[in-house]
């Protein structure tokens with residue numbers, strides 16, 4: 001799935017949930033437990049599966065219980081979550097990682113989204129970090145806040161115009 005298809009899927013899941021209450025989808029925003037490449041703007045390792053509400057859910061198939069991966073919308077990014085734009089950022093050697101990082105977001109606070117017909121989209125506050133010209137450390141270029149839903153939209157599709165202005169500031 002490309003970014004546009006994933007964003008469309010997110011909107012569909014949010015809309016279906018708003019109409020029918022809390023329902024989980026068997027169509028996922030990303031592959032669970034996958035460390036492989038994906039098409040999101042920011043790289044989200046499998047450690048974040050639970051945070052974007054990808055869970056194993058028991059379902060009856062031919063009257064027998066079977067566990068299947070499902071997607072919900074209880075997004076719950078909270079303080080301390082750090083996300084980079086490249087899988088190479090997650091290597092063991094930080095000096096090597098810094099060579100590849102162009103953008104990092106570090107969550108400084110969050111209130112989880114609450115699914116259902118009266119959905120509460122939650123809230124996320126985060127710093128935007130970029131490497132120095134020497135690529136020896138990451139420095140804060142701005143601070144933003146948005147709903148959990150909008151934060152997931154950003155992780156998938158990329159920055160809004162407001163965020164692009166912050167990212168470009170040197």
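Against the numbered list (1) within 27 Å of residue 168 (Cβ to Cβ); (2) in a loop (DSSP other than H, G, I, E, B); (3) modelled with pLDDT of 90 or more, residue 37 comes up short only at (3).
Put simply, of 44, 28, 56 the only residue that is in contact (Cβ under 8 Å) with a residue 12 or more places away in the chain, touching a strand residue (DSSP E or B) at 6+ places or on another chain (Cβ under 8 Å) and farther than 16 Å from residue 149 by Cα is 56.
Comparison of 56, 7 shows that the only residue that is under 29 Å from residue 85 (Cα atoms), modelled with pLDDT of 90 or more and more than 12 Å from the chain's Cα centre (by Cα) is 56.
Residues in segment 61-75 that are surrounded by 12 or more Cβ atoms within 10 Å (Cβ to Cβ) and part of a strand (DSSP E or B) were compared, and the one that is farthest from the chain's Cα centre (by Cα) is 68. Being within 11 Å of the chain's Cα centre (by Cα), crowded, with 17+ Cβ neighbours inside 10 Å, in a loop (DSSP other than H, G, I, E, B) and at pLDDT 95 or above is a property that does not hold for residue 83.
When residues in segment 124-169 are screened for being in a loop (DSSP other than H, G, I, E, B) and either surrounded by 18 or more Cβ atoms within 10 Å (Cβ to Cβ) or in contact (Cβ under 8 Å) with a residue 24 or more places away in the chain (or both), 7 of them pass. Between 78, 108, the distinction of being over 20 Å from residue 49 (Cβ atoms), outside any helix (DSSP H, G or I) and touching a strand residue (DSSP E or B) at 6+ places or on another chain (Cβ under 6 Å) belongs to 108 only. If the condition is being in a loop (DSSP other than H, G, I, E, B) and loosely packed, with under 14 Cβ neighbours inside 10 Å, then segment 1-33 contributes 2, 21, 22, 26, 27, 33. Is it the case that segment 100-115 has a residue that's surrounded by fewer than 17 Cβ atoms within 10 Å (Cβ to Cβ), in contact (Cβ under 8 Å) with a residue 40 or more places away in the chain and at negative phi? Yes, segment 100-115 has at least one match.
The values are calculated or read from the model by the stated rules, or taken from the named source; none is laboratory data. Everything quoted here is computed from the prediction, not taken from an experiment. In this analysis, Cβ positions are derived from the backbone assuming ideal geometry, glycine residues included, and neighbour counts consider all displayed protein chains.
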